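To start, the structure itself, in structure tokens.
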Amino acid sequence: MTAVPAMRDLAQRLLAYEAGTARTSEPSESLESLESLEPATPRVPALRVPALRVYEKLRQSLTAFAGEAAFESLAFRALTQAKSEAPSLWAAHVAADGSLQGLSKTESQSDMDMTHAGDGGIALIARLLSLLRVFLGEALTLSLLRNAWPDEAFDDRNAAHGRNT
Amino acid sequence: MSTQDKVKINKLPTGVPGLDEIVGGGLPEFSFNIIAGAPGSGKTTLAHQFVFANATPERPALYFTVLGESAIKMLRYQQQYTFFDPAMLPGAIRFINLSQVVLEKDLGAVLEQIVKEVEKANPAVVVVDSFRTMVRKPESDLDLQSFIQRLALFLASWQATTFLIGEYAEDELRDNPIFTVADGLFWLRQTPERNSVVRKLQIVKLRGQDSVPGLHTFRITKAGVQAFSRTFGLISHAKNPPSHRRLSFGIAELDKMLGGGVREGDSVLVAGSSGTGKSVLATQFIAEGIRQGEPGIVAVFEERPQAYAERAASLGLDLETPQKEGKLTILYLRPLDLSVDETMHSILDAVQKIGAKRLVIDSLAGFEMALSPGFRADFRESLYRMIFALTGIGVTILSTVEVDESFTEFPFSTYSISFLTDDIIRLRYVSIDGQLRKIMVVIKMRGGNHAKDIREYEITSQGVVILGKRLTNYQGLISGIPVQSPPSGSTQEPSFDTGIGRSK
């Protein structure tokens, strides 16, 4: 069973957005925590990996309002679900502070590519968004996403309702 | 600016229907408040309503959560309420979790974190939910007191209106130094009463405000907390001067017995046993009011509005048209767990909505039965408050009450509420010439003349019809078993009691 298509679409959009941002912008202050993570591959630092960028933005946004423990348990659940559809995530795990570890060991070189999000990354983010939608509802989930990605237009219809699941 | 100018305290809407009136018009701006009560008493919901009513993107609300309920779960449930607007998050309402600081550091660090967030956001509203869980050791009460003191000083300086939410048991209210810091203390409680739960709200203190004292009933519905003031929101209404206008029943002979009709603003009790025509009389009273251009409310407890209107139609009284025209509301209040205050608020809302001049409560027995058992003890007191409030603004109330027919006594009411009423009309069965017939007598009219006559009446397709003159050839009519007496030779013209000495 995979994440609902609408959430996969939304995850892909976020990953694509971050892929574009990672290529063109300087490291942002909000993502400086990624600098401490091990490089995704010898040539690609974690900061340049779209999936990690999206995950980290979600982590910061949700941890601020729900706390580390709440985010960690959500992320753990999302990762467990995502592993069932993307075996490439086998070595990834969620640390006590909610950060994502071990992604570099699991995703292939192509998955780590700045411009192409891997299936594992999409699955994880889609699962996380799905959980948020289940617990908070679409309206509130989109409000939180708008806050984390103020430059991105999240159309309610396209993002959450457009594709019937 | 002058030396005579006193500071003006702005009042903020609480967002809780009924609560503004209870707190004296709104919550004082920049006040530091504590909402206390047991788990499940509605503290968080009340705070959310205040936040949603006052937060703006320019002056947002900061909602600090500590240990206990996760913000995700809290929002999951809170968004079920109609006041919850997801679009206000996170721009106007920002949830900030402090549990990590609480777990890893001390209260000083918690205060530092709050200060940092407040300075960053410049909020109009700050909520800490729940501040009591910040104290993780029993001996830390002193720390908590100091923390609250410093927090109160800081937030007042930053012009924020603050709510601290805490779980407290009833006996912790007394002598708790933490509460002395607060400008406002809201106490919420819920008490099981037989099979129902009674929720009460008390404003234990509220500095600078003329709040309504006492315990106020509240309910939590899909719209959130709704409070019912003990004064029914009519505290600010000016009392109407006594009226000398008489209101007709639409029954000429009865109007004569009443000295020209019921005095406007009176409370009338129609008492009688089952089948004596109390509801018919009440219906004629309301229908006549509508004919005279006086909107009316009928609160029914024993039959549905449709049945009530159909019964009226069988008497030739059209209650459907005035309902459509907004001149009449028939309220059906039958759920069995109503509080007396919210029932009365439903009536008052309807009265105010259509500008009703006449109100029928049919019947008091049904009214009492519709209440949660725990509220029945308050029935008389609340009824008194409602009658006082409504008649004060010129509404004339007619209540029906069923009394047990006794052939040795002549009770007016089983509720001992006669003192609440200005006028009493008693209906009863009487055995005459081998028939069970009906008689009517006006027992009292406060401050007005009324006939002393005992009159026979019938219920026909035209409603209550009073027959002939007063019954002069019987003695012991009010016993129900009269004996025929020789003609007294007295005139059958109406005889009046002047009501002297019983003025209002």
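Just so it is clear, none of the values below were taken in a lab; they were calculated from the coordinates. All values derive from a computational prediction rather than experimental measurement. Every residue, glycine as well, gets a Cβ built from its backbone with ideal geometry; the counts of neighbours run over all protein chains shown.
Against the main long axis of the alpha-carbon atoms of chain B, helix B:340-354 sits at an angle near 80°. Sorting the segments A:53-65, B:345-357 by their mean number of nearby beta carbons within 10 angstrom, highest to lowest, gives A:53-65, B:345-357. Taking amide H as placed 1.01 Å from N in the peptide plane, B:Lys205 has its amide H under 5 Å from the amide H of B:Leu185, each at least 5 places away in sequence or on another chain. For B:Ala356, neighbours were defined as the other residues whose beta-carbon sits under 10 Å from its Cβ, and their charges (Lys and Arg +1, Asp and Glu -1) total +3. Inter-label distance, A:Phe76 to B:Asp85: 3.8 nm, where each label sits 7 Å from its Cα along the C-beta direction. Here the simple spin-label model places points 7 Å from the Cα toward Cβ, and for B:Ala109 and B:Ser196 these points are separated by 5.0 nm.
Using only atoms on other chains, find how many Cβ atoms lie within 10 Å of each Cβ of peptide A:60-67 and report the average. Each step should come with its number before you reach the end.
Working: counts 0, 1, 3, 2, 7, 11, 11, 15.
Going residue by residue through A:60-67 and averaging, the value is 6.
Taking a spot 7 Å from the Cα of B:Glu29 along the direction of its beta carbon, which residues of segment B:81-124 have an amide N less than 17 Å from it? Residues B:122-124 qualify, since their backbone N sits under 17 Å from the label point.
Of the listed pairs B:Lys43/B:Lys205; B:Lys11/B:Lys222; B:Lys222/B:Lys324, which have alpha-carbon separations greater than 20 Å here? Among B:Lys43/B:Lys205; B:Lys11/B:Lys222; B:Lys222/B:Lys324, the Cα-Cα distance tops 20 Å for B:Lys11/B:Lys222; B:Lys222/B:Lys324. Within the straight-line cut-off of under 24 Å between alpha carbons, the lysines reachable from A:Lys57 are A:Lys83, A:Lys105, B:Lys73, B:Lys116, B:Lys120, sequence neighbours fewer than 8 places apart in one chain being disregarded. Excluding B:Ala309 itself, calculate the net charge of residues whose Cβ lies under 15 Å from the Cβ of B:Ala309, where each Lys or Arg counts +1 and each Asp or Glu counts -1. Computed value for this residue: -3.
Ranked by Cβ crowding within 10 angstrom, fewest neighbours first, how are A:Arg8, B:Arg358 ordered? Mind dumping the intermediate values first?
Details: A:Arg8 21, B:Arg358 27.
Neighbour counts put them in this order, fewest first: A:Arg8, B:Arg358.
With the helix formula -39500 (n - 2.57) applied to DSSP H stretches of n ≥ 4, chain B reaches a computed 222 nm mean residue ellipticity of -8000 deg cm²/dmol. Once the Cα atoms are used to define both axes, helix B:379-392 deviates from the longest principal axis of chain B by about 80 degrees. Run the numbers on segment B:11-228 and let me know its relative contact order in percent, using alpha-carbon pairs under 8 Å that are six or more apart. RCO, segment B:11-228: 32 percent.
What shape does segment B:161-229 take by its C-alpha gyration tensor, where a ≥ b ≥ c are the square roots of the eigenvalues and a/c under 1.5 counts as rounded, a/b above b/c as prolate, and the rest as oblate? Walk me through the numbers before you get to the answer.
Working: a/c = 1.88, a/b = 1.43, b/c = 1.31.
Cα axes put segment B:161-229 in the prolate bin.
Among B:Asp175, B:Asp106, a tally of other beta-carbon atoms within 10 Å of each Cβ gives an order, fewest to most, of B:Asp175, B:Asp106.
Remark: mean inter-chain Cβ contacts per residue of A:70-80 equal 1, using a 10 Å Cβ-Cβ cutoff to other protein chain atoms.
Please report the relative contact order for segment B:173-304, taking Cα pairs under 8 Å with a sequence separation of at least 6, and give it as a percent rounded to a whole number. Working shown, then result.
Numbers: 133 pairs, mean separation 15.9, N = 132.
Reported as a whole number, the value is 12 percent.
Think of each Lys and Arg Cβ as +1 and each Asp and Glu Cβ as -1; about the Cα centre, that makes the dipole of segment B:11-228 roughly 500 debye.
Once the Cα gyration tensor of chain B is found, what semi-axes does its equivalent ellipsoid get, as square roots of 5 times the eigenvalues, in whole Å, sorted largest first?
Values: eigenvalues 675, 88, 82 Å².
Semi-axes from the Cα gyration tensor: 58, 21, 20 Å.
Seen from B:Phe32, the other residues with C-beta closer than 13 Å to its C-beta sum to a net charge of +1, counting Lys and Arg as +1 and Asp and Glu as -1.
If the chain linking B:Glu119 and B:Arg174 were pulled fully straight, counting 0.36 nm for each residue of separation and taking away their Cα-Cα distance, it would gain 16.4 nm. The Stokes-Einstein estimate for segment B:11-228, based on a Kirkwood radius over Cα pairs and taken at 4 °C with 1.567 mPa s viscosity, is a diffusion coefficient of 75 µm²/s. Our summary gives chain B a relative contact order of 14 percent, counting only alpha carbon pairs under 8 angstrom and 6 or more residues apart.
How large is the convex hull of the Cα atoms of segment B:246-497 per residue, expressed in Å³ as a whole number? All intermediate terms of the calculation are to be shown ahead of the outcome.
Numbers: hull volume 29.7 nm³, N = 252.
Normalising the Cα hull of segment B:246-497 by residue number yields 118 Å³.
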